[in-house]
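What follows is a short report on a single structure.
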Amino acid sequence: MSDKIHTLSGYIHEYQRSVQDPEGFWARIADSFHWQKRWDKVLDWNFDGPDVKWFVNGKLNITENIFEKNLYTLGDRPAIIWETNDPKEKNRTLTYKELFHQVNKFANALKANGVKKGDRVIIYMPMVPEAAVAMLACARVGAVHSVVFAGFSASALADRIEDCKAKVVLTSDGNYRGSKSIPVKALVDEAIDKAKGNVEKVIVYKRTGDDVHMKSGRDIWWHDAVKDQSEENKAEVMDAEDMLFILYTSGSTGKPKGVVHTTGGYMVYTKYSFENVFQYEPGDVYWCTADVGWITGHSYIVYGPLLAGATTLMFEGVPTYPDAGRFWEIVAKYKVNQFYTAPTAIRALQAYGTDPIEKHDLSSLKVIGSVGEPINEEAWHWYHSHVGKMKCPVVDTWWQTETGGIMISPIAGVTPTKPSYATLPLPGIQLMIVDQDGKELKGNSVEGNLCIKFPWPSILRTTYGDHERCKKTYFSTYKGMYFTGDGVKRDEDGYYRILGRVDDVINVSGHRMGTAEVENAINEHPKVIESAVVGYPHDVKGQGIYAYVICDLENRTEANLINEISETVKNIIGPIAKPDKIQIVPGLPKTRSGKIMRRILRKIAEGDTSNLGDISTLLNPEVVEAIKEGAK
Ligand code: 6R9
């Protein structure tokens, strides 16, 4: 039985059912999966703990729902199509059967290397099919994977290894990205040396063939690890609430937190949302351009599509290598039907005009999607006209690492779209808009903070090792509700438009960056006395990073110092966190209680200094003039 929605009235009906009887609704969806033991109770929850359990006492393995359940019918169907960074290098396709065998072999290799149910395994790999194999093999043996985006620095990797107490790290010798080749293994060595912890094994996938140092007793080549392993493996029996993975994400405090997702609910929700939002049909080729290091890659490159028996395309490279037509060349080459990318990529490609698009046949496209940040109207129209040729619905999908799956989005071809609106919540998602005091703003034409008042199956369960932090971050701002951190508008038609973060998180090219996290990195530079980081509008990235820094300038020029600070941030977090602008300032505007007035800094960064509001209450109003001068 398919749970796909095909009409607007069907959507309305399903939505109402999901609100009137959430347990009945999700039980019906969950019944189409393979459970080794059915659940005793659909849902147990309170948001005060928070304590949320879906499919209580249900037993399953998510990989059995990808493989065993479907193997007879779709064993020979392509599961993963892999397109390499360099178009001249050979691509690869893995059928479901082939992927299954690889997952089993690697699951056996993990076991042979001491990995047991519940152990944490870090995956720091390029966009190769083996990254998906690694995730699924962890799930197969019940290990908890934590994928770390391979663009993060050794120091960021070390923090994550330490926080989750990883037993094993899976990596590659090097990565290709555009014209660059990045020596990944060396970063892993550095991270392990730096981290307090006990990484017992490092398994290294050979990608670039670069010379790497292999530490004897600890490091093993991937191909050696799988060589003598069987293609068969019995899946570990998992409880619906056993951890599936940890994914680190930035928040308003300095340290990234490990968002925890569990097995049963995540499985049910990612498949359901994938099939509905994208209206995937058997035989379609679906492509999401994200990296597996982000939640989008987890839910909509790997788990959602594979649970749905889809063909999912994985691309190793970047949109502009060897040229700005790369995405469109790939769409034409594989006759991609559903294409899912980020506004930052759309805006970057928009800058090259339509020539690179017109060289390729995009007629296979049926649905085009957007994720990661608000899509501005201009980019929406460009995407809709030139990529979607006015015939493909644009699905602007709003969701978060913490939500596990898409929350607000059109259902392709079903929900009428509206430029820059994520439109309506998916079934099961009960939204609520509140004002600063937590009072619900009812009716249409309202604007406020976005909360969710009822659990959905793929809601985060905790932040790893620190449940209090989960409670404080998401469930304490407004009592009895999950707070998203986003501002939202509900217009006169009841449609939702996401306005962006209302906390100290900036969204740079669709990547979340905590201002405190960047400040901490800047402050590591020995000449830095204090810093304040804010976001500002950026044409391509959505938001750019603007850093105001107080420094000791002895023996340094400003230009040197700015370069050094930028390098420091790159080394501590990674290239994605490098500030777009660094301004050396004599002081930071502070309130009498010593709090930095970020509102003023944001205005100056935006280039809007006409109305800074009342600055007379500041401890040091004179500094504002100096900052304004320096920003010119
Ligand atoms: C999936 C993902 C989450 C934050 C989220 C919001 C922003 C994501 C959006 C969007 C407007 C959309 N965001 N999708 N804003 N429209 N369609 O991106 O997860 O990396 O955790 O980021 O991204 O601000 O709160 P994550």
Exercise for the section: Specify the residue that is farthest from the ligand (Cβ to nearest atom); the eligible residues are those in the stretch 487-509 that are modelled with pLDDT under 95 and among the acidic types (Asp, Glu). Expected result: Asp504
Problem - Boolean, Val331 is open to solvent by less than 10 Å² (accessible area, probe 1.4 Å) and within 12 Å of the ligand (Cβ to nearest atom) - result: no
Handout entry: Qualifying residue in the stretch 234-248 (condition: open to solvent by 60 Å² or more (accessible area, probe 1.4 Å), more than 30 Å from Trp39 (Cβ to Cβ) and either charged (D, E, K, R) or without any contact (Cβ under 8 Å) to a residue 24 or more places away in the chain (or both))
Key = no
Completion exercise
When every residue in the stretch 291-323 that is of a type in the set (Gly, Ala, Ser) and either away from the ligand (no atom under 11 Å from the Cβ) or surrounded by 24 or more Cβ atoms within 10 Å (Cβ to Cβ) (or both) is compared, the one farthest from the chain's Cα centre (by Cα) is Gly309
Problem - Pairs with Cβ under 7 Å, 6+ apart, first in the stretch 346-373 and in contact (Cβ under 8 Å) with a residue 12 or more places away in the chain, second of a type in the set (Asp, Glu) and within 16 Å of the ligand (Cβ to nearest atom) - result: Ser370/Asp396
Fill in the blank from the handout: Residue hits (the stretch 266-307; β-branched (Val, Ile, Thr) and closer than 19 Å to Phe25 by Cα) are Val268, Thr270, Val277
Exercise for the section: Tell me, please, whether a residue that is touching a Lys or Arg at 6+ places or on another chain (Cβ under 6 Å), over 19 Å from Gly254 (Cα atoms) and β-branched (Val, Ile, Thr) can be found in the stretch 162-170. Expected result: yes
Exercise for the section: Give me the pairs, please: first residue somewhere in the stretch 1-30 and closer than 15 Å to Ile429 by Cα, second residue anywhere and of a type in the set (D, E, K, R), beta-carbon distance under 9 Å, and either six or more positions apart or on two chains. Expected result: Glu14/Asp3; Arg17/Arg28; Glu23/Lys41; Gly24/Arg17; Phe25/Glu14; Phe25/Arg17; Ile29/Asp3; Ile29/Lys271
Problem - Residue that is surrounded by the most Cβ atoms within 10 Å (Cβ to Cβ), among those in the stretch 564-583 that are among the aliphatic types (A, V, I, L, M) and out of contact with any His (no Cβ under 7 Å at 6 or more places or on another chain) - result: Val569
Practice task
Could you grab me the full set of residues in the stretch 180-199 that are farther than 17 Å from Asp163 by Cβ and either of a type in the set (Phe, Trp, Tyr) or out of contact with any helix residue (DSSP H, G or I) (no Cβ under 6 Å at 6 or more places or on another chain) (or both)?
Solution key: Lys180, Ser181, Ile182, Pro183, Val184, Lys185, Ala186, Asp189
Exercise for the section: Pick out the one residue from Glu554, Glu517, Glu530 that is under 29 Å from Gly607 (Cβ atoms), modelled with pLDDT under 95 and open to solvent by 50 Å² or more (accessible area, probe 1.4 Å). Expected result: Glu530
Practice task
Looking only at the stretch 1-13, decide whether some residue is charged (D, E, K, R), over 16 Å from Tyr269 (Cβ atoms) and open to solvent by 30 Å² or more (accessible area, probe 1.4 Å).
Solution key: no
Fill in the blank from the handout: Arg512: passes all of (1) open to solvent by 40 Å² or more (accessible area, probe 1.4 Å); (2) at pLDDT 95 or above; (3) within 18 Å of the chain's Cα centre (by Cα); (4) not β-branched (Val, Ile, Thr) but (2)
Exercise for the section: Look through the stretch 33-65, keep the residues that are among the basic types (Lys, Arg) and in a strand (DSSP E or B), and return whichever of them is farthest from Ala107 (Cα to Cα). Expected result: Lys41
Exercise for the section: Inspect all residues belonging to the stretch 584-595 and state whether any of them is in a strand (DSSP E or B), over 24 Å from Arg347 (Cα atoms) and open to solvent by 10 Å² or more (accessible area, probe 1.4 Å). Expected result: yes
Practice task
Report whether or not Thr484 is touching a Cys at 6+ places or on another chain (Cβ under 8 Å), in contact (Cβ under 8 Å) with a residue 24 or more places away in the chain and either within 15 Å of the ligand (Cβ to nearest atom) or open to solvent by 10 Å² or more (accessible area, probe 1.4 Å) (or both).
Solution key: yes
Fill in the blank from the handout: So, first residue of a type in the set (A, V, I, L, M) and assigned to a strand (DSSP E or B) in the stretch 494-510, second residue within 6 Å of the ligand (Cβ to nearest atom) and open to solvent by 50 Å² or more (accessible area, probe 1.4 Å), Cβ within less than 8 Å, six or more apart or across chains; the pairs are Ile498/Pro374; Leu499/Pro374
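The values are calculated or read from the model by the stated rules, or taken from the named source; none is laboratory data. As the structure is a prediction and not an experimental result, all values here were calculated from the model. Positions of Cβ are generated from backbone atoms using ideal geometry, with glycine treated the same way; all protein chains shown enter the neighbour counts. What goes into the accessible areas is simple: the full protein's heavy atoms, side chains included, and nothing from ligands, DNA or RNA. Shrake-Rupley method; radii C 1.70, N 1.55, O 1.52, S 1.80 Å.
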